[in-house]
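The values are calculated or read from the model by the stated rules, or taken from the named source; none is laboratory data. For clarity, every value in this text was computed on a predicted model and none was experimentally measured. Neighbour counts run over all protein chains shown; Cβ positions are idealised from the backbone, glycine included. Side chains are part of the model used for accessible areas, which takes the heavy atoms of the whole protein and leaves out ligands, DNA and RNA. Shrake-Rupley method; radii C 1.70, N 1.55, O 1.52, S 1.80 Å.
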Protein chains: 2
Amino acid sequence: MKQVFEKFEIEMRRGVMQLAVICLLDNEKYGYEIIKNLNESGLKVEEGTLYPLLRRLEGDELLTSRWETGGPRPRKYYVITDLGIEIRMSWLNTFKTLIDTVKQLESNIQDKGALNNAQ
Amino acid sequence: MKQVFEKFEIEMRRGVMQLAVICLLDNEKYGYEIIKNLNESGLKVEEGTLYPLLRRLEGDELLTSRWETGGPRPRKYYVITDLGIEIRMSWLNTFKTLIDTVKQLESNIQDKGALNNAQ
DNA sequence: CACTATACTGTGTGACACAATGCATATAAA
DNA sequence: TTTATATGCATTGTGTCACACAGTATAGTG
């Protein structure tokens, strides 16, 4: 049985992950590189999570991919499509709306904290 | 087959929902009331989503409940516990960190938009 | 009678975590 | 030099969990 806290983190990441990936892929990158990038950004992600996500986003035509076999190891490069750019903008808007909603809700609680004090 | 956009909204809501609920329950409320509140806040939630969520949060001892049978229809009131208050604070911090990560990623893309321009 | 208020349950789907597999290269140890 | 270990890179499979949606149920209200 997972801890309450971990479960929340997982659920939260789950939504943010696609957004993060599609933001990163403004420039062409390959999967393994993305994992490193995101982990450095503090966004933990497993291979078994990212690779299927990439394929899913490609299936939705938000990304395209190409194989690079010239180098030492074959790499699959992904990059955002025009449709992806459009969708990304609407996702960012959705995200922003959610942030505002939570900020609003948080401003009504007693022990105001993280969101409003910081920044 | 759901639209790409809807799928994202669902995933995003999924994480935010518990946070929103636990913020709302600073004051005692019953389920149906919470649904109305959240829908007014622009956070769509189905009964089949909220009621199980409430029970789950209660199972994790972040909420407690009591039945109010005096009124016309029986209502189950929920309110946050001390543990819930603690956890809520850490969830808010997690949420804030994720926001920062996305903002960071967004600031590197070409068509900067929603998050940084607004507010 | 239809509608609202209030709560619950059940089924399908989708995505994640985790773990394992596979293979190639680079590095370290023997 | 041969062997062993680690790293780069991607895939697949299993279990779990939470949501959406659609029901069920009951008691009031218009």
Loop trypsin sites (Lys or Arg not before Pro), region B:1-82, which have at most 11 other Cβ atoms in a 10 Å radius of their Cβ (DSSP): B:LYS2
Cβ nearest the rotation axis (A onto B), residue from chain A and distance to the nearest whole Å: A:GLY15, 2
Label point 7 Å beyond Cα along the C-beta direction, distances from A:TRP67 to other copies (nm, shortest first): 6.3
The protein assembly as shown: Cα Rg divided by the 2.2 N^0.38 Å rule of thumb: 1.12
Interface A:B - total buried accessible surface [probe 1.4 Å, Å², rounded to 100]: 4600 Å²
Label spacing, shortest first and in nm, from A:MET89 to its equivalents in the remaining copies (7 angstrom along Cα→Cβ): 4.2
The protein assembly as shown, accessible surface, carbon-and-sulfur percent (1.4 angstrom probe): 47 percent
Where region A:4-52 is the region considered: accessible area per residue in Å², 1.4 Å probe: 44 Å²
Label spacing, shortest first and in nm, from A:GLN104 to its equivalents in the remaining copies (7 angstrom along Cα→Cβ): 2.9
Given 15 as the ceiling on other Cβ atoms within 10 Å, longest exposed-site-free region of chain B for GluC sites (Glu not before Pro) in DSSP loops: B:62-119
log10 of Debye I(q)/I(0), alpha-carbon scatterers only, for chain B at 0.23 Å⁻¹: -1.35
Structure-based [θ]222 nm, chain A - -39500 (n - 2.57) summed over DSSP H runs of at least 4, per residue, nearest 500: -20000 deg cm²/dmol
Out-of-range pairs (alpha-carbon distance over 27 Å; input A:LYS44/B:LYS103; B:LYS7/B:LYS103; A:LYS7/B:LYS76; B:LYS7/B:LYS29): B:LYS7/B:LYS29
Residue-averaged beta-carbon neighbours from other chains (10 angstrom radius) around A:82-88: 2
